[in-house]
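Please read the structure below before turning to the comments.
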Amino acid sequence: MANLAESVAQVSLKDSSEGHGVEGVGDPYRDHLSGSAEKDTIWRHGNAPRYEQVNALFESGRTQVWPTGSLEETVQNLVKTWEMELSHKTKVTDFKTIDQEKFCISVNGGPKFSATETLQVGSYNALLATSSFQGDNAIYQSSKETFESSHDIFRTVFPGGFAWEVQAVYSPPPVVVMKYRHWGVMEGAYKGHAPTGEVVDSVGIVVAKVDENLKILELEVYYDTAAFLGGLTKGPKSEGYTSYQKGVEGCPYLNHGRLQ
């Protein structure tokens, strides 16, 4: 336990002292955005993302401000950085937050996705995979969405960003159990449902297994997918809606990187 506590302290010190962010600007919550280790990284949209917009949403709406170097802050930033890598790096070999061979993620006891599989389908399809168990009646069918279409859908819904925070940590490494909150303001339509202008919250539990270097081995996520999607379908649905079409429901000028 002492060695793992040392790892947390060392990672926190390293993250606070090394430059991160784009072109030296820095991001206070995410590492592995720039620097010599990223010189050969292939970014999905050509450049590393910027997070000023979603950081502003996070800072104005978070329920906890964790002390610098605390376990809570460390794991919160680790998950944010992992999400950044998943959404914006195109090769698993460029991921620094995970054990590239051992990593897997599951949601609500559903199927486990490897690092390669998660990168192929995208974070939203992985996190909403169990919603498809309802078949053709599912509000969201991950089997019918691609990486690109899933991100387009939620960028449309949350043009101001989709923030994520750790609300509590219940156990230390190597098995970190945490409570999280994911939220955004529904300012865009969701599959024909009119925007409500309300905050859509999702609260859940993550069980994160990490190694001695705090690289993620496995993520088990538990949350109420029906409640989350229900918040997106409160508005009336357009009678003429058939399927999502990029550019019809959303704004073509959305910034990259503002979902987490």
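Inspect the range 81-92 for any residue being of a type outside the set (A, V, I, L, M), open to solvent by 40 Å² or more (accessible area, probe 1.4 Å) and at pLDDT 95 or above and give the result as yes or no. So far as the range 81-92 goes, yes, one or more of its residues are of a type outside the set (A, V, I, L, M), open to solvent by 40 Å² or more (accessible area, probe 1.4 Å) and at pLDDT 95 or above.
Exactly one residue out of LYS91, LYS96 is in contact (Cβ under 8 Å) with a residue 60 or more places away in the chain and over 13 Å from the mean Cα position of the chain (by Cα): that is LYS96.
Here is a yes/no grid of residues against (1) in contact (Cβ under 8 Å) with a residue 40 or more places away in the chain; (2) closer than 22 Å to LEU78 by Cα:
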{"site": "ALA129", "(1), (2)": "no, no"}
{"site": "ILE139", "(1), (2)": "yes, no"}
{"site": "PRO159", "(1), (2)": "yes, no"}
{"site": "ARG181", "(1), (2)": "yes, yes"}
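Restricting the range 181-222 to residues that are part of a strand (DSSP E or B) and among the charged types (D, E, K, R), the residue that is farthest from the chain's Cα centre (by Cα) is LYS209.
From the residues in the range 211-226 that are of a type in the set (A, V, I, L, M, F, W, C) and either modelled with pLDDT under 95 or touching a Ser or Thr at 6+ places or on another chain (Cβ under 8 Å) (or both), which one is farthest from GLY109 (Cα to Cα)? Here the answer is LEU214. Pairs are defined by a Cβ separation below 7 Å, a sequence spacing of at least 6 or placement on different chains, a first member in the range 209-238 that is at positive phi, and a second member that is at pLDDT below 95; the pairs so defined are LEU214/SER7; LEU214/VAL8; LEU214/VAL11.
The residues of the range 200-233 that are over 14 Å from VAL75 (Cα atoms), of a type outside the set (A, V, I, L, M, F, W, C) and open to solvent by less than 60 Å² (accessible area, probe 1.4 Å), listed by number, are SER202, GLY204, GLU220, TYR223, THR225, GLY230, GLY231, THR233.
The residues on offer are GLU52, GLU72, GLU59, and the sole one that is in contact with a Phe, Trp or Tyr (Cβ under 6 Å, 6 or more places away or on another chain), at pLDDT 95 or above and surrounded by fewer than 21 Cβ atoms within 10 Å (Cβ to Cβ) is GLU72. Which residue is farthest from MET84 (Cα to Cα), if the candidates are limited to the range 99-111 and must be touching a residue at least 24 places away in the same chain (Cβ under 8 Å) and of a type in the set (D, E, K, R)? Ranking the candidates gives LYS102 first. Could you tell me whether any residue of the range 133-142 is buried (at least 21 other Cβ atoms within 10 Å of the Cβ) and either modelled with pLDDT under 95 or not polar (S, T, N, Q) (or both)? The answer is yes, given that some residue of the range 133-142 is buried (at least 21 other Cβ atoms within 10 Å of the Cβ) and either modelled with pLDDT under 95 or not polar (S, T, N, Q) (or both). Name the single residue, out of those in the range 167-180 being part of a loop (DSSP other than H, G, I, E, B) and hydroxyl-bearing (Ser, Thr, Tyr), that is most open to solvent (accessible area, probe 1.4 Å). My answer is TYR170.
When you check PHE158 against the structure, is it open to solvent by less than 10 Å² (accessible area, probe 1.4 Å) and closer than 22 Å to THR90 by Cα, yes or no? Considered against the rule, which asks whether it is open to solvent by less than 10 Å² (accessible area, probe 1.4 Å) and closer than 22 Å to THR90 by Cα, PHE158 comes out as no.
The values are calculated or read from the model by the stated rules, or taken from the named source; none is laboratory data. Computed from a predicted model, the values in this text were never measured in an experiment. In this analysis, Cβ positions are derived from the backbone assuming ideal geometry, glycine residues included, and neighbour counts consider all displayed protein chains. Surface accessibility is based on the protein's heavy atoms, side chains included, excluding ligands, DNA and RNA. Shrake-Rupley method; radii C 1.70, N 1.55, O 1.52, S 1.80 Å.
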